[in-house]
Every structure is written in C-alpha cells, then in structure tokens.
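The values are calculated or read from the model by the stated rules, or taken from the named source; none is laboratory data. Everything numeric here is computed off the predicted structure, so don't read it as measured data. We place every Cβ from the backbone using ideal geometry, glycine too, and count neighbours over all the protein chains shown.
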Amino acid sequence: MHKKNFGNRSGLEVTPVSLGAMRLPEDCVDAVELIRQAIDAGMCYIDTSRGYGESEFKLGRALKDGYREKVMLSSKCSPWNKKVRPDDDGSADSVRRRIEEQMVRLDVDYLDFYQVWSVNNRETWEIATKKGGMVEGILKAMDEGLVGHTGFTTHDTVDNLLGYLDTADWAEVILCTYNFLNRTYEPVIEKAHAKGLGTIVMNPVGGGRLTGESAVIMELAAQLDVASVADLAVRYVLSNPNVDTILCGIQKGADVDATIAAAGQPALSADQRKTVNEFFAAHSRESVSFCTGCKYCMPCPAGINIPGVLGAVYEARFLGLTENAKRAYKRATKDVTPDACTDCGACETKCTQHLSVRHELKYAMDTLA
C-alpha cells in the first residue's frame with residue numbers, strides 16, 4: 001500500500017488501511033498470526049485500547065521478533081469509558097498510571113500515540129483539557145519520551161467538535177465514524193484535515209453492516225462498476241481526500257485481504273460520490289417516509305422497543321441489509337418481543353410518520369425473528 005501524510009502536525013505517513021484491534025480472535029495464537037498477517041500486508045498503524053479486553057496482551061505477543069519496529073502503536077483510555085482503579089479521574093496523574101500500565105500490558109517501552117478516548121460531550125472535553133487534566137499528563141509523557149504523539153477519539157456533536165478544533169493545538173490526530181450511511185462527521189473531518197490533524201475513520205463498513213449482501217445497495221455498486229457492497233463502502237470513504245486512513249477491524253484473514261484489495265482500487269470520482277450520496281438521500285428514513293426514530297411512540301404500554309424494531313425493518317426493506325436487520329431485531333427484542341402488543345393503537349396516534357405500527361411489528365416478527 002502507498003503511504004500519505006498522516007496530517008501535517010505529526011510529520012508521519014500512514015497507509016490507507018490500518019489495524020483496528022477491538023475484535024481480535026479469542027485464541028491468542030490465532031490473534032498473533034492475524035496481526036502479523038495484517039502488518040506483513042502493509043498496515044502500519046494499530047489502534048487498541050485499555051477497554052478492548054485482552055487486545056493489548058495479544059498485540060504485545062504479536063509485536064515481538066521485529067514487528068514492533070514496523071508499526072505505529074496507539075492506545076487510549078478515559079475514566080468515563082473504563083475505570084481501572086476507583087480513583088481514576090481524568091487527571092494528569094491518573095492518565096500517567098494508565099500509560100505506564102498499558103505499556104506493561106503491551107510489553108513495549110514507548111507508545112507512538114496515546115489518545116483521549118471518547119470525547120463524547122462538552123463535559124468530557126473539559127475534563128480532558130483542563131489544567132492538570134488528561135492532556136497535560138499525556139503531553140508530559142511525550143516530553144519524557146514515553147509517548148510520541150496524541151489526539152482524541154469522539155462521538156460528540158458536530159457543532160461541539162468544530163469548536164474544539166479551534167483550540168486543540170495539542171491534538172495531532174482525530175478518530176471518528178464515517179461511512180456512506182453516516183456522513184455526520186464529514187465537516188469535522190474536513191476541518192481537522194485543514195488544520196493539519198491526521199484523520200482516522202472508524203466503522204468505514206458500518207461496524208460490519210456493509211460486509212453482508214444487499215440487493216438494494218448492489219444495484220448502486222453495479223451501476224458504479226464496483227464488485228461488492230463492502231468494496232463500495234471502503235472506496236467511498238477513502239475517496240474523500242480529507243481521510244488519511246481507515247480502521248479495519250480484523251477477525252479473520254479475509255478481513256485483511258478484502259479491505260486492502262478494495263483500498264487498492266481507484267478512488268471514486270466526484271461524480272460517483274455524488275451518485276452515492278444522492279442514492280442514500282433518496283433511501284433515507286425521511287425520504288421513504290418511514291420511522292425516523294423520534295420515539296414519540298414511546299413508552300409502549302407493553303414495553304416493546306418500537307423504534308428499535310422499526311429500525312430493523314427499515315434496514316431490511318429499504319437498504320436490503322437483511323442479515324444485519326435480523327441482528328438488530330434480536331437486540332431490540334431481547335426483553336420484550338412484538339407479540340406482547342395488546343393492540344391498543346396508542347403508538348399509531350402519536351407516530352409523526354403516520355405509520356401502521358402494529359402492521360410493521362407483525363411484519364418484523366414474520367420476516368426477522
């Protein structure tokens with residue numbers, strides 16, 4: 001794989017596909033073999049976390065025998081995502097303990113990157129950036145040679161993030177979600193890139209949603225002469241010039257091979273990207289006048305998760321993502337299934353889309369259960 005600037009601030013280069021270590025194989029031997037396959041294939045940036053189970057230990061084993069020198073290793077933590085000790089509080093001292101502990105878990109003597117994990121609202125941003133906070137602790141570790149670079153991951157609002165970027169002179173990279181089903185952070189990625197931050201995308205294939213078959217989306221892929229839905233997803237994200245690299249969440253060897261192969265295909269043209277955007281705008285919940293997830297129908301007297309069930313129906317009927325829809329239906333009905341409906345009809349009187357909710361609940365049971 002070719003390399004490109006990893007933002008102007010870091011002074012580094014990165015390949016378009018990077019290794020996401022959140023969902024490694026359970027077996028350590030299998031995980032080590034897979035990690036090395038990914039590195040041998042060219043993935044040079046690795047993203048892990050204190051909260052990803054045994055990921056750090058598996059990486060520590062995989063990075064022996066010269067593999068550590070081939071990669072940029074990044075880990076992260078935050079007390080609002082995972083407290084290792086009860087007194088973890090987002091302070092400089094607290095993050096220093098986590099950095100040292102994670103270096104032991106990874107069995108390394110330095111980290112190329114250490115990031116603030118999940119800045120998801122203004123409160124977490126202020127905890128991280130205040131005097132004596134996480135950022136101060138990371139910067140001190142950088143001064144001492146334990147950490148090379150820093151940044152943050154996020155699920156915050158676009159408005160908040162656009163504001164943060166004006167003051168985040170310390171940040172060298174940012175990690176956020178982006179794919180053709182969720183373009184929310186497109187303006188954030190654009191501004192971050194313009195300011196010299198390296199831009200990393202998580203969920204380029206929708207957290208796995210776009211790795212399955214979909215007759216609906218394949219019509220679009222065929223129109224663009226793209227081989228599969230997953231290929232289209234990868235090429236769409238990487239054709240955005242503001243994106244530096246995507247995380248490939250590897251579970252098996254085929255994940256490595258398929259993602260790198262897709263990344264090696266020509267980028268989508270501006271006209272092709274426009275076609276994709278127009279397609280999904282036409283298939284959005286609002287455009288097809290389906291459940292928008294507003295939750296005005298809730299609470300259901302019978303305890304049914306109506307928006308969750310109807311969200312699964314939307315994925316199956318309008319996007320053709322049937323297998324993912326079945327998984328979403330299972331999650332939405334783990335506590336109460338739609339057959340608990342008492343036929344009261346209260347949901348339909350409150351539905352802003354004027355849907356026949358009871359009919360849709362029955363449809364879900366018949367097709368997705």
| request: Could you grab me the full set of residues in the stretch 262-282 that are part of a helix (DSSP H, G or I) and surrounded by fewer than 16 Cβ atoms within 10 Å (Cβ to Cβ)? | output: Ala270, Asp271, Lys274, Thr275, Asn277, Glu278, Ala281, Ala282
| note | Taking the stretch 323-345 and keeping residues loosely packed, with under 14 Cβ neighbours inside 10 Å and hydrophobic (A, V, I, L, M, F, W, C) leaves Cys344
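When you scan the stretch 201-229, how many residues do you find that are over 30 Å from Asp169 (Cβ atoms) and part of a loop (DSSP other than H, G, I, E, B)?
9
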| request: Output yes when any residue across the stretch 111-124 is assigned to a helix (DSSP H, G or I) and in contact (Cβ under 8 Å) with a residue 24 or more places away in the chain, and no when none is. | output: yes
| request: Look at Gly293 and say whether it is touching a strand residue (DSSP E or B) at 6+ places or on another chain (Cβ under 9 Å) and modelled with pLDDT under 95. | output: no
| Restricted to the stretch 81-101, and to residues that are part of a loop (DSSP other than H, G, I, E, B) and touching a strand residue (DSSP E or B) at 6+ places or on another chain (Cβ under 7 Å), which residue is surrounded by the fewest Cβ atoms within 10 Å (Cβ to Cβ)? | Asn81
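Yes/no matrix, rows are residues, columns are (1) in a loop (DSSP other than H, G, I, E, B); (2) buried (at least 24 other Cβ atoms within 10 Å of the Cβ); (3) within 18 Å of the chain's Cα centre (by Cα); (4) of a type in the set (Val, Ile, Thr):
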{"position": "Thr199", "(1), (2), (3), (4)": "no, yes, yes, yes"}
{"position": "Asp231", "(1), (2), (3), (4)": "no, no, yes, no"}
{"position": "Arg235", "(1), (2), (3), (4)": "no, yes, yes, no"}
{"position": "Val243", "(1), (2), (3), (4)": "yes, no, yes, yes"}
{"position": "Val256", "(1), (2), (3), (4)": "no, no, yes, yes"}
| note | The number of residues in the stretch 125-176 that are more than 23 Å from the chain's Cα centre (by Cα), under 20 Å from Asp244 (Cα atoms) and not in a loop (DSSP other than H, G, I, E, B) is 1
| field | Condition check for Arg285: within 22 Å of the chain's Cα centre (by Cα) and in a helix (DSSP H, G or I) | value | no
| Quick one: Ser75 ticks every box in (1) among the polar types (S, T, N, Q); (2) touching a helix residue (DSSP H, G or I) at 6+ places or on another chain (Cβ under 9 Å); (3) not in a strand (DSSP E or B) bar one, so which box is it? | (3)
| field | Residue ID - surrounded by the fewest Cβ atoms within 10 Å (Cβ to Cβ), chosen from residues in the stretch 102-128 that are touching a Lys or Arg at 6+ places or on another chain (Cβ under 7 Å) and aromatic (Phe, Trp, Tyr) | value | Trp117
| said: Condition check: touching a helix residue (DSSP H, G or I) at 6+ places or on another chain (Cβ under 9 Å) and more than 24 Å from Ala194 (Cβ to Cβ). Does Lys83 satisfy that? | reply: no
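Across the stretch 147-188, what is the total count of residues that are among the hydrophobic types (A, V, I, L, M, F, W, C), in contact with a strand residue (DSSP E or B) (Cβ under 7 Å, 6 or more places away or on another chain) and more than 30 Å from Phe318 (Cα to Cα)?
7
Only one of these is in contact with a helix residue (DSSP H, G or I) (Cβ under 9 Å, 6 or more places away or on another chain) and either small (Gly, Ala, Ser) or outside any helix (DSSP H, G or I) (or both): Asp335, Asp343. Name it.
Within the list Asp335, Asp343, the selection yields Asp343.
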